[in-house]
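Just below is one structure, and these are the notes that go with it.
The values are calculated or read from the model by the stated rules, or taken from the named source; none is laboratory data. Everything quoted here is computed from the prediction, not taken from an experiment. Glycine also receives a Cβ, built like all others from the backbone with ideal geometry; neighbour counts cover every protein chain displayed. What goes into the accessible areas is simple: the full protein's heavy atoms, side chains included, and nothing from ligands, DNA or RNA. Shrake-Rupley method; radii C 1.70, N 1.55, O 1.52, S 1.80 Å.
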Amino acid sequence: MTKVEEARDALSKIIDVGSKKNLMELGWIKNVRVLVPRSIITLALPSYANSQRDRIVKEIRNTLLNFSDINDVQIEIDNASQPDGGSEDSGPNLQAINGIKKIIAVSSGKGGVGKSTVAVNIACTLAKLGLKTGLLDADIYGPNTPSMLGVSDESPKVYGSGNEQRLIPIFKHGISIVSMGFLIEEGQPVIWRGPMLNTIIRQFLYQVEWDNLDFLIVDLPPGTGDAQISLAQSVPIDGAIIVTTPQQVSLQDSRRGLAMFKQLGVPLLGVVENMSGFIPPDQPEKKYEIFGKGGGQILADEHKLPLLAQIPIEISVVSESNKGIPIAIGDPQSLSAIVFKELAQFITK
Ligand code: ADP
């Protein structure tokens with residue numbers, strides 16, 4: 001007759017894709033009971049692992065049904081022991097993170113304007129200036145900072161379980177990185193409900209071993225969604241930067257983004273205009289306004305904010321990024337890297 005030890009042993013083959021640890025070790029599978037022909041187990045997944053839930057449930061079932069005398073598997077979902085107590089809406093009680101001096105959010109009205117490029121390069125430049133810097137990639141819908149930083153094959157180490165579980169950021173190019181990209185299963189559509197996103201963001205803030213940072217740069221998803229609200233209602237944000245392009249058609253989205261931060265009481269540092277014209281490397285005296293001009297300045301003026309930087313379209317931004325090296329590190333003489341340095345210096349003031 002199947003014994004609990006045999007069941008536990010079999011279940012320990014089920015692995016978390018993020019940490020590569022088994023679920024017994026992580027404490028995600030608890031209370032294995034065998035009452036032949038039935039087996040009952042409790043599953044307590046932290047929210048950032050919810051994307052794996054269907055796969056895990058299936059594997060648990062198959063594993064236990066493999067025993068010839070088990071034909072009924074019951075899986076109890078234990079939300080109460082999730083690290084944040086399963087609370088989906090914790091309200092706007094701001095809770096600073098021990099050891100993080102300043103949190104800067106980078107956002108944009110729409111995708112594809114270079115928000116992540118800006119966030120990554122600000123973070124690397126701050127590190128080059130000698131400041132301890134972390135990057136939290138909260139762009140749950142398109143977490144691409146791991147590939148921009150050349151760490152997409154890495155997975156962060158996790159230790160402890162339940163309330164005590166901690167994630168160790170990946171360290172590269174002088175910065176500590178945590179990204180949803182490390183945790184989601186490849187090819188899986190990431191459809192996060194708002195409340196779940198809230199929980200994940202809180203775990204990324206409070207259950208990561210951020211090591212006495214001067215700055216945490218948060219790369220938010222584009223738009224005015226739940227991630228912005230979650231972040232603003234969790235931690236005190238020292239400032240938000242809105243990235244836009246010179247195109248005036250994208251202004252409407254950027255305006256909405258700015259208005260939301262104002263409504264949430266987040267201080268706005270200013271506007272960064274990215275893709276501000278193309279300067280051919282062989283004709284540096286020329287500038288082609290491929291995406292129009294003036295968008296950043298109009299947005300900044302409307303909200304009485306400074307236009308903090310205008311970053312040109314540069315081939316090396318893409319080529320270095322494709323190699324997993326942000327331009328601030330890969331080509332420090334480039335115009336973009338120089339502008340990023342000025343931007344980082346502004347942030348430190
Ligand atoms: P977002 O985070 O807003 O979706 P990304 O930072 O991922 O945008 O940038 C989208 C694409 O544009 C990437 O391929 C990136 O390398 C490229 N890109 C961003 N900024 C620049 C720039 N200044 N010059 C050239 N390419 C850029």
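Being within 21 Å of Phe204 (Cβ to Cβ) and at pLDDT 90 or above is the filter here; which residues of the stretch 6-27 pass it?
Leu23
Pairs under 6 Å by beta carbon, first residue farther than 21 Å from Leu126 by Cβ in the stretch 309-328, partner within 6 Å of the ligand (Cβ to nearest atom) and of a type outside the set (Asp, Glu), six or more apart or different chains?
Ile313/Met275
Have a look at Val158, Val151 and point out the one that is part of a loop (DSSP other than H, G, I, E, B), touching a residue at least 40 places away in the same chain (Cβ under 8 Å) and more than 10 Å from the ligand (Cβ to nearest atom).
Numbers: Val158 fails: part of a loop (DSSP other than H, G, I, E, B).
It is Val151.
Among the residues of the stretch 1-16, count how many are part of a loop (DSSP other than H, G, I, E, B), touching a helix residue (DSSP H, G or I) at 6+ places or on another chain (Cβ under 6 Å) and open to solvent by 20 Å² or more (accessible area, probe 1.4 Å).
Taking the stretch 1-16 and keeping what is part of a loop (DSSP other than H, G, I, E, B), we get 1-3, 12-14, 16.
From what is left, the residues that are touching a helix residue (DSSP H, G or I) at 6+ places or on another chain (Cβ under 6 Å) are 14.
If we keep only those that are open to solvent by 20 Å² or more (accessible area, probe 1.4 Å) as well, we get none.
So the count comes out to 0.
Please pick out the residue among Ile311, Ile327 that is open to solvent by less than 20 Å² (accessible area, probe 1.4 Å), in contact with a strand residue (DSSP E or B) (Cβ under 8 Å, 6 or more places away or on another chain) and assigned by TED's automatic domain parsing to the domain that holds Pro280. Break it down stepwise before answering.
Working: Ile327 fails: in contact with a strand residue (DSSP E or B) (Cβ under 8 Å, 6 or more places away or on another chain).
Checking each option against the conditions leaves just Ile311.
Can you find even one residue in the stretch 252-260 that is assigned by TED's automatic domain parsing to the domain that holds Lys110, at pLDDT below 80 and touching a helix residue (DSSP H, G or I) at 6+ places or on another chain (Cβ under 8 Å)? Step through it out loud before you land on a result.
Taking the stretch 252-260 and keeping what is assigned by TED's automatic domain parsing to the domain that holds Lys110, we get 252-260.
Still in the list and also at pLDDT below 80: none.
The answer is no, given that none of the residues of the stretch 252-260 is assigned by TED's automatic domain parsing to the domain that holds Lys110, at pLDDT below 80 and touching a helix residue (DSSP H, G or I) at 6+ places or on another chain (Cβ under 8 Å).
Quick check, is Pro280 at pLDDT below 90, out of contact with any helix residue (DSSP H, G or I) (no Cβ under 7 Å at 6 or more places or on another chain) and on the phi < 0 side of the Ramachandran plot?
Values: at pLDDT below 90: yes; out of contact with any helix residue (DSSP H, G or I) (no Cβ under 7 Å at 6 or more places or on another chain): yes; on the phi < 0 side of the Ramachandran plot: yes.
Criteria met by Pro280.
If you scan the stretch 19-59, which residues turn out to be in a loop (DSSP other than H, G, I, E, B) and closer than 16 Å to Gly162 by Cβ? Spell out how you get there, then give the answer.
Residues of the stretch 19-59 that are in a loop (DSSP other than H, G, I, E, B), as a first pass: 19-21, 23-28, 36-37, 44-46.
Correct list: Ser19, Lys21, Leu23, Met24, Glu25, Leu26, Gly27, Trp28, Ala44, Leu45, Pro46.
Between Leu136, Leu131, which is open to solvent by 30 Å² or more (accessible area, probe 1.4 Å), modelled with pLDDT of 90 or more and more than 10 Å from the ligand (Cβ to nearest atom)?
Working: Leu136 fails: open to solvent by 30 Å² or more (accessible area, probe 1.4 Å).
Only one candidate passes the filter, namely Leu131.
Of (1) within 20 Å of the chain's Cα centre (by Cα); (2) assigned to a loop (DSSP other than H, G, I, E, B), Gln233 satisfies all except one. Which?
All conditions pass for Gln233, except number (2).
Based on what the data block shows, is Glu289 touching a strand residue (DSSP E or B) at 6+ places or on another chain (Cβ under 8 Å) and not hydroxyl-bearing (Ser, Thr, Tyr)? Break it down into steps so the answer makes sense when it comes.
Numbers: touching a strand residue (DSSP E or B) at 6+ places or on another chain (Cβ under 8 Å): yes; not hydroxyl-bearing (Ser, Thr, Tyr): yes.
Against the criterion (touching a strand residue (DSSP E or B) at 6+ places or on another chain (Cβ under 8 Å) and not hydroxyl-bearing (Ser, Thr, Tyr)), Glu289 qualifies.
Looking only at residues that are within 17 Å of Gly225 (Cα to Cα) and open to solvent by 40 Å² or more (accessible area, probe 1.4 Å) in the stretch 91-122, which one is modelled with the lowest pLDDT?
Across the stretch 91-122, the extreme among qualifying residues is Pro92.
Given Gln297, Gln333, Gln345, which one is more than 12 Å from the ligand (Cβ to nearest atom), open to solvent by 60 Å² or more (accessible area, probe 1.4 Å) and more than 27 Å from Leu268 (Cα to Cα)?
Matching residue, one of Gln297, Gln333, Gln345: Gln333.
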